[in-house]
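Accompanying notes for the structure given below.
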Amino acid sequence: MITAKSHLDLVTVPPSPWVVAHANQFKSGARVLDYACGSGRHAMWLAEQGFEVVAIDRDQEALQHLQIKAQNLPQGSIQTVCLDLEGEQWDLSSLGLFDAVVVTNYLYRPHLHKLNKLLNNNGFLVYETFAVGNEVFGKPSNPNFLLKPNELLSFSENMQILAYEDLIVQIPKPACVQRLCAVPLQSKT
């Protein structure tokens, strides 16, 4: 079990360079969903950049610590929602549509293809998670949590791929990752 102190320590890990690079494309004041936010490092960074953030995760304790950290931000910068992202009743329609959805270090294949439905017509999907080969660096090493070669591309139907990489990164620690930035191809009806 992760302790309260470790949740706070994790927030000090800098945001992913991939997220930082692609967040520059979001419109000013964009409404951003930090999907499976964990300790909230991206939610905090995005809110500090002036974005309106909805941070969702199933870990209520992590969300409570994120709310404490967010007290120094303007009120309403971060809204937290406790939700089982792997449940059969996956329905986020009550949250509305977003200008961007950010996902890092999380993979649950049964709902992956639904992420683009959370975006408005001009929204960005920014996704980065572990890939096959990461087992040589440690955890995660379970194939259920590692993307196969080009697998992230297969879940991007009806999306225009703006950037994609499948590589080994060194920061914050060595890891095999796939990462993608994409936008919807056509307007939703």
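Read-outs: derived from the displayed coordinates by stated rules, not from any lab. Being a predicted model, the structure only gives us computed values, none of them experimental. Note that each Cβ is placed from the backbone with ideal geometry, even for glycine, and that neighbours are counted across all protein chains shown.
Among MET44, MET159, sorting on how many other beta-carbon atoms sit within 10 Å of each Cβ, with the fewest leading, yields MET159, MET44. With θ taken as phi - 60° and the Karplus curve 6.51 cos²θ - 1.76 cosθ + 1.60 applied, the whole-hertz 3J(HN,Hα) list for the range 125-134 is 9, 10, 10, 8, 8, 6, 10, 3, x, 5 Hz, x standing for glycine and proline. For the range 23-109, the square roots of the Cα gyration tensor eigenvalues, ordered a ≥ b ≥ c, give a/c of at least 1.5 with a/b no greater than b/c, which places it in the oblate category. When each of GLU52, GLU61 is scored by the number of other beta-carbon atoms lying within 10 Å, the sequence from fewest to most is GLU61, GLU52.
Among the GluC sites (Glu not before Pro) found in the range 87-189, those both in a DSSP coil and sparsely packed, with 16 or fewer other Cβ atoms within 10 Å of their Cβ, are GLU88, GLU157. Which entries in LYS117/LYS173; LYS117/LYS139; LYS69/LYS117; LYS69/LYS148; LYS114/LYS139 show an alpha-carbon gap greater than 28 Å? As for pairs spanning more than 28 Å Cα to Cα, those are LYS117/LYS173; LYS117/LYS139; LYS69/LYS117; LYS69/LYS148.
Rounded, prolate or oblate: which fits the chain, taking a ≥ b ≥ c as square roots of the Cα gyration tensor eigenvalues, rounded meaning a/c under 1.5, else prolate when a/b beats b/c? Rounded is the answer for the chain, as its axis ratio a/c remains below 1.5. In summary, the aspartates and glutamates within cross-link reach of LYS27, defined as a Cα separation below 20 angstrom excluding same-chain residues under 8 places away, comprise GLU48, GLU52, ASP99. Classify the range 95-189 as rounded, prolate or oblate from the Cα gyration tensor: take a ≥ b ≥ c as the square roots of its eigenvalues, call it rounded if a/c is under 1.5, otherwise prolate when a/b beats b/c and oblate if not. Prolate, because a/c is 1.5 or more and a/b exceeds b/c.
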